[in-house]
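The values are calculated or read from the model by the stated rules, or taken from the named source; none is laboratory data. These numbers come from a predicted model, not from an experiment. Cβ atoms come from the backbone with ideal geometry, glycine included; neighbour counts cover every protein chain shown. Protein only, heavy atoms only, side chains kept; ligands, DNA and RNA dropped before computing areas. Shrake-Rupley method; radii C 1.70, N 1.55, O 1.52, S 1.80 Å.
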Amino acid sequence: MDRRNFISNTTALLGSAYLLFHGAKPASAAPTAASPRRVAPPAHSSKTGRQVVARRALIRPQRLRRGDVVALFAPGGVVTDAQIERSVVHLESLGLTVKLSPNLRDRYGGYAGRPQPRAEDMHTLLRDREVKALWSIRGGSGTAQILPFLDYELIRANPKIIIGFSDITALLNAVTKLAGVVTFHGPGAISTFSDYSVNHLQRVLFEGVGHYAMRSASANDERAATEPEFQVKTLRSGVAEGALWGGNLSVFVALVGTPFLPSLADAMLFIEEVNEEPYRIDRLLTQLRQHIGHKLPAATIFGVMRRYAPKDEAPQIALTDVLQDHANAQAIPAVTGYSFGHISHQMTLPIGIRARLDSEAQTLTLLEPAVVR
């Protein structure tokens, strides 16, 4: 993701969002921890009073069934009619009935409307008893803008599947942290619905399997011969368990210093990126590592880092060295090339759910169901 544009659009808003959260501290923890957190709506919100969002037991949304109504929504970037049509076709191919969010076609520059109406679209869909899931059409940019306007108590009281990736990383991690509801890092509705991606969606969202060992797509293995970013590789060997947190690197790191970033202590941190040169990826990983300090994740799982080639002839560190150096610095199990990111064959990764990485077997195993069966 182009961090120059992303940071300029979001850093100021997220910095002010922290001050608006009346005493909420940037240090954070997974929703299963015991200590409470007070979260207040922003001063310009129409809501009054305070919300108390404690870090409570994780809530799983209901699983999907054929015929269920799912809503297409756009929490970040603007969407076109062609993208909406493509998205409807994809979701109907899963046997789902599609509903559009009220303001789906709104536009404000490159965003799908202003922040507060985008947040209200989510609230409307959460209150709609017919809707079983909220499926983002695409990422783009601007999703982080809506985070201070969301009613996390409403989300917790109406737990529904929320799925997407890329810029949607901000929403997924904030919802799981502050509402304590499992969210899903998976294909956007306009993504390629390959057999691999659909199989993972079926197993995680529809079947709700309780123990699911995931391996990278064989199609990625074939591409690795000419595109090294697709190669599955162990950076540091080991077996580790923890709750899944993460997503797009630049979006995730932009949450540092806000109330929306989860604690990564003992987490299974998964990271992907696109359109960032190796030195920028190094900078982002350095910032995240320095923020974490000694509260290390249990493991780091890198997805496929796409379109990272340097744009000029200046000397630059290789991406493989960047990832290896950061894995060595943290001295925890680490792998790269797993099937998630801006690629055609995607795993569905439930945020907040416990998983096990086995770097020698090259498997990432979900240890519990992510939905209520």
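In a GNM of the chain with a 10 Å cut-off on Cα contacts, which of GLY109, GLY140, GLY95 has the highest mean-square fluctuation? Evaluated over the chain, the most mobile residue of the options is GLY109. Evaluated with a Cβ-only charge set (Lys, Arg +1; Asp, Glu -1), the chain carries a dipole of roughly 1420 debye about its Cα centre, given to the nearest 20. For the chain, the tally of Lys pairs with Cα-Cα distances below 29 Å comes to 17, considering only residues 8 or more apart or on different chains. A 1.4 Å probe run over the chain, with the rest of the protein chains in place, finds 38 Å² accessible per residue. Rounded to the nearest whole Hz, the Karplus-based 3J(HN,Hα) values (6.51 cos²θ - 1.76 cosθ + 1.60, θ = phi - 60°) of the stretch 294-311 follow the sequence 8, 8, 6, x, 6, 6, 10, 10, 8, x, 8, 8, 9, 6, 9, 4, x, 9, with x at glycine and proline.
Positive-end ranking of ALA240, PRO259, VAL79 along the dipole of the chain, with charges on Cβ about the Cα centre, is headed by PRO259.
Bridges between two residues of the stretch 49-203, per DSSP, are antiparallel at a rate of about 10%. What you get for the stretch 264-373, charging only the Cβ of Lys and Arg (+1) and of Asp and Glu (-1), is a dipole of about 380 debye around the Cα centre. Between VAL181, VAL274, VAL251, the Gaussian network model of the chain with springs among Cα atoms under 10 angstrom shows the greatest mean-square fluctuation at VAL274. Modelled label positions at TYR279 and THR365, each set 7 Å beyond Cα in the direction of Cβ, lie 4.3 nm from each other. Once the Cα-Cα distance is subtracted from the 0.36 nm per residue extended length, the GLU92 to GLU227 segment shows a gain of 45.3 nm.
The distance linking the stretch 249-301 with the stretch 68-112 is 29 Å (Cα centroid to Cα centroid, whole angstrom). Taking the DSSP bridge list for the chain and keeping only pairs wholly inside it, about 45 percent are antiparallel. Using a probe radius of 1.4 angstrom, the carbon and sulfur fraction of the accessible surface of the stretch 93-216 is 46%. Surface composition of the stretch 220-285: carbon plus sulfur atoms contribute 41% of the solvent-accessible area (1.4 Å probe, protein chains only, all chains present).
Our summary gives the chain a relative contact order of 20 percent, counting only alpha carbon pairs under 8 angstrom and 6 or more residues apart. According to the Cα-based calculation, Rg over Rh for the stretch 279-373 is 1.00, with Rh computed by the Kirkwood formula.
What the Cβ-Cβ distance of ASN199 and ALA314 gives, at R0 = 41 Å and to the nearest 0.05, is a FRET efficiency of 0.45. When peptides 148-161, 277-290, 80-93, 336-349 are ranked by their average number of other Cβ atoms within 10 Å per residue, the highest-first order is 336-349, 148-161, 277-290, 80-93. Here, the chain has an Rg and a Dmax of 19.1, 58 Å when only alpha carbons are counted. Looking only at the stretch 58-81, which residues have a backbone nitrogen under 17 Å from a spot 7 Å from the Cα of ARG129 in the C-beta direction? Backbone N within reach: 62, 68-70.
Only helical runs count toward this figure. For the chain, summing -39,500 (n - 2.57) over DSSP H runs of n ≥ 4 and dividing by all residues gives -8500 deg cm²/dmol at 222 nm. Equivalent ellipsoid of the stretch 61-174: semi-axes from √(5λ) of the C-alpha gyration tensor, largest first, are 20, 18, 12 Å.
Compute the whole-percent fraction of alpha carbon pairs in the stretch 150-240 spaced more than 15 Å apart. Above the 15 Å cut-off, the stretch 150-240 has 71 percent of its Cα pairs.
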